[in-house]
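The values are calculated or read from the model by the stated rules, or taken from the named source; none is laboratory data. Because the structure is a prediction, the values reported are computed rather than measured. Neighbour counts are summed over all protein chains in view; Cβ atoms, including those assigned to glycine, are modelled from backbone coordinates with ideal geometry.
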């Protein structure tokens, strides 16, 4: 004879709560124990950041060797890569928090990411436009290009905004030549202007201009003497094209707001920080290196708005100690532990099976009190 048994049609609220509690615990456990996954080009990113870190250390050593004091108030990390608020070679105003935040070797990993995403590989030509305003970011760019083995064509300027490489005797040409002579980088500017207004340091004193000119010539650079803005722009474009020869320029990297590189203040802020492949709305009337190259199909990597970049990649703002290589979202991402997630699902389904299918829930907790005038439950 077949066995007949009674099974409740409803599940106890206590059983439902236990199932709910089990599911929540499993969910929280899976979230709590995320695993870190290395992002693409991890080794190149680490290598570039280490190279930048080595360059930072060498620059600081050289500054101390030259007895150029480090102001701990403006440079709390005593990196040696923060300049002064005012000097004869200061071309324009600067934002100190951005200068402090830029002194992070992990920005080199960001540049590696940008270059790799554009398909840059060994021996590809990358044009670069920099000034002395963000020496640490310049070093990050060089570190990335050097690590990938690309060929850089660089036009720089000797001037700097506040808190950049604006300390007489320690301008960007001095810093770059130091790193080149010490064989940290094989990259060296192919042409150097004074920088500032019209790329000829309009408004600066004769003494300030002399300091910049001496820095350029004493380090053996090609001094690009320009008459005005259009002349500077043409000379830069000519230099890029002549040195590239029959090889295409695969990308243009700009650091900061160099006058003929971005065009105007409008151009500086219209191009967003990061990769730009199209001409931003409202920049068609701006004539600059960036607008010309974008119109020719050359992608532009615009390294500005340092605070925004640091937030995007999880870097500290205004760090008081030098950030360690490998820190930031540019290296790894967190994702759920697949094995733990699978175990959690097994646990949840097991609890459901035991408490509901095998009726253990009824045996342990019974059922909710029947409602008045309710019909007897069916037999199974």
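Within the range 49-91, being assigned to a helix (DSSP H, G or I) and over 17 Å from residue 139 (Cβ atoms) holds for 64, 65. So, residue 207, is that one over 27 Å from residue 97 (Cα atoms), in contact (Cβ under 8 Å) with a residue 60 or more places away in the chain, over 31 Å from the mean Cα position of the chain (by Cα) and part of a helix (DSSP H, G or I) or not? So residue 207 fits the description; yes.
Counting the residues of the range 127-155 that are in contact with a helix residue (DSSP H, G or I) (Cβ under 6 Å, 6 or more places away or on another chain) and surrounded by 24 or more Cβ atoms within 10 Å (Cβ to Cβ) gives 15. For the range 294-305, the condition of being assigned to a helix (DSSP H, G or I), at pLDDT 65 or above and surrounded by 14 or more Cβ atoms within 10 Å (Cβ to Cβ) holds for at least one residue. Looking across the range 214-230, the residues that are part of a helix (DSSP H, G or I) and more than 19 Å from residue 180 (Cα to Cα) come down to 229, 230. For residues in the range 178-202 being assigned to a loop (DSSP other than H, G, I, E, B), without any contact (Cβ under 8 Å) to a residue 60 or more places away in the chain and more than 26 Å from the chain's Cα centre (by Cα), which is surrounded by the most Cβ atoms within 10 Å (Cβ to Cβ)? It comes out as 194. Scanning the range 71-89 for residues that are buried (at least 17 other Cβ atoms within 10 Å of the Cβ) and within 26 Å of the chain's Cα centre (by Cα) returns 75, 77, 79, 80, 81, 82, 83, 84. Of 81, 16, 64, 21, all but one fail to be at pLDDT 70 or above and either over 19 Å from residue 133 (Cβ atoms) or outside the structural domain of residue 158 (by TED's automatic domain parsing) (or both); the exception is 64. Here residue 274 fits the description: touching a residue at least 24 places away in the same chain (Cβ under 8 Å), surrounded by 13 or more Cβ atoms within 10 Å (Cβ to Cβ) and either closer than 21 Å to residue 140 by Cα or not assigned by TED's automatic domain parsing to the domain that holds residue 99 (or both).
Has the range 236-256 got at least one residue that is modelled with pLDDT of 90 or more, buried (at least 17 other Cβ atoms within 10 Å of the Cβ) and assigned to a loop (DSSP other than H, G, I, E, B)? Scanning the range 236-256 turns up no residue that is modelled with pLDDT of 90 or more, buried (at least 17 other Cβ atoms within 10 Å of the Cβ) and assigned to a loop (DSSP other than H, G, I, E, B). A count restricted to the range 28-48 and to residues that are part of a helix (DSSP H, G or I) and either out of contact with any helix residue (DSSP H, G or I) (no Cβ under 7 Å at 6 or more places or on another chain) or modelled with pLDDT of 70 or more (or both) stands at 10. Checked against (1) modelled with pLDDT of 95 or more; (2) out of contact with any strand residue (DSSP E or B) (no Cβ under 8 Å at 6 or more places or on another chain), residue 150 meets all criteria but (2).
The test for being at pLDDT below 95 and either within 20 Å of residue 66 (Cα to Cα) or assigned by TED's automatic domain parsing to the domain that holds residue 51 (or both) holds for residue 228.
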